[in-house]
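The values are calculated or read from the model by the stated rules, or taken from the named source; none is laboratory data. These figures come from a predicted structure and were not determined experimentally. Positions of Cβ are backbone-derived with ideal geometry, glycine not excepted, and every protein chain shown enters the neighbour counts.
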Amino acid sequence: MAVAGSAQLRRRPRRPHAPRPRRVPRPGPGGSSGPGRVPGRADGGAPNELLALLAQESLRDGPAQRAVLDRLVDLLVLTVLRGRRDVGLLSAAADPVVGPVLDLLHSRPGERWTVAALAERAGVSRATFARRFAEVVGSPPQRYLTDLRLDLAADLLRRSDRTLASIAAEVGFSDAFALSTAYRRRRGRPPSTERGSSTAR
């Protein structure tokens with residue numbers, strides 16, 4: 001028989017539920033987060049997150065604002081050209097080793113960059129730079145540079161009637177044959193297919 005005032009069973013204190021970790025999409029083939037889709041956009045254009053960051057930064061006033069805006073604009077241009085967002089590209093731009101190198105590649109893609117030269121610019125050893133770049137960006141430096149050059153070449157082919165040789169020289173290929181070979185290898189079609197594609201869409 002229960003007696004009033006007897007010791008009550010002690011309740012165990014509830015443990016606070018830890019927040020579930022946010023699920024990050026795994027990159028698909030070619031480093032994209034999905035087959036031709038961009039998080040936050042259904043049309044494969046610039047992601048809403050990047051546009052929001054650009055708008056927020058433009059309202060700020062500080063000594064580093066110009067550098068940050070330049071970096072964001074570079075990323076926005078690359079995203080629109082590729083039609084997808086590379087996973088980790090935003091964090092790569094802020095990385096102290098990889099970020100300055102991305103600036104170089106985007107501002108001077110036509111130079112004959114080597115991994116050794118880029119590592120020297122980053123101030124680290126060649127092996128450290130190559131490993132860090134692959135970890136942060138998701139692809140080796142030379143592959144990233146090749147893809148960037150192909151994106152730029154495709155855009156020039158769509159928007160102008162320039163010869164393939166002149167475009168190849170501008171974006172960093174030795175000649176039209178080298179550009180055409182890289183284009184076929186990476187994209188499975190000749191660069192000539194880009195001619196007039198912007199008006200056909």
Tell me, please, whether a residue that is small (Gly, Ala, Ser), in a helix (DSSP H, G or I) and surrounded by fewer than 18 Cβ atoms within 10 Å (Cβ to Cβ) can be found in segment 128-137. yes
From the list LEU118, LEU104, exactly one residue is within 22 Å of ARG186 (Cβ to Cβ), touching a Phe, Trp or Tyr at 6+ places or on another chain (Cβ under 8 Å) and modelled with pLDDT of 95 or more. Which is it? LEU118
Can you confirm whether ARG189 is among the basic types (Lys, Arg), assigned to a loop (DSSP other than H, G, I, E, B) and modelled with pLDDT under 95? yes
Filter segment 138-180 for residues that are of a type outside the set (S, T, N, Q), free of Cβ contacts under 8 Å to residues at least 12 places away in the same chain and not in a loop (DSSP other than H, G, I, E, B) and give the result. ARG143, ALA165, PHE177, ALA178
The one condition in (1) hydrophobic (A, V, I, L, M, F, W, C); (2) modelled with pLDDT under 90; (3) closer than 30 Å to GLU194 by Cβ that LEU59 fails to fulfil: (3)
Number of the exception - ASP74 against (1) modelled with pLDDT under 75; (2) assigned to a loop (DSSP other than H, G, I, E, B); (3) of a type in the set (D, E, K, R): (2)
